[in-house]
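Below is one structure, written out as structure tokens; comments come after it.
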Amino acid sequence: MELEMFGAAALKRIQRANFEHRARKRVFMAIWETFPEAERKAFPDWVQKGG
């Protein structure tokens, strides 16, 4: 839970930075790479349904 809070705070801070678009992509990819294959395949459907 603590790491989740730090991560969320970091993303909010990144939004105010000049490089925010690239930084958010790098963070997303770092998270994406930790997902098992089944979760990667299910993710687009989850997003389409409103997550």
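The values are calculated or read from the model by the stated rules, or taken from the named source; none is laboratory data. None of these values were measured; they are calculated from a predicted model. Cβ atoms come from the backbone with ideal geometry, glycine included; neighbour counts cover every protein chain shown. Quick note on the areas: whole protein, heavy atoms, side chains included, nothing else; ligands and nucleic acids left out. Shrake-Rupley method; radii C 1.70, N 1.55, O 1.52, S 1.80 Å.
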Under the 7 Å Cα-to-Cβ spin-label approximation, Glu39 and Leu3 lie apart by a distance in nanometres of 1.1 nm
Carbon/sulfur accessible area of the chain, % of total, 1.4 Å probe, equals 59 percent
Per residue, accessible area of the chain with a 1.4 Å probe, heavy atoms of protein chains only, in Å², comes to 95 Å²
At 37 °C and 0.692 mPa s, the Stokes-Einstein diffusion coefficient in µm²/s for the chain, with hydrodynamic radius from the Kirkwood sum on alpha carbon pairs, is 265 µm²/s
Between the Cα axis of helix 20-32 and the main Cα principal axis of the chain, the angle (0 to 90°, nearest 10) is 40 degrees
Full extension between Phe28 and Arg16 adds, at 0.36 nm per residue less the Cα distance, a length in nm of 2.6 nm
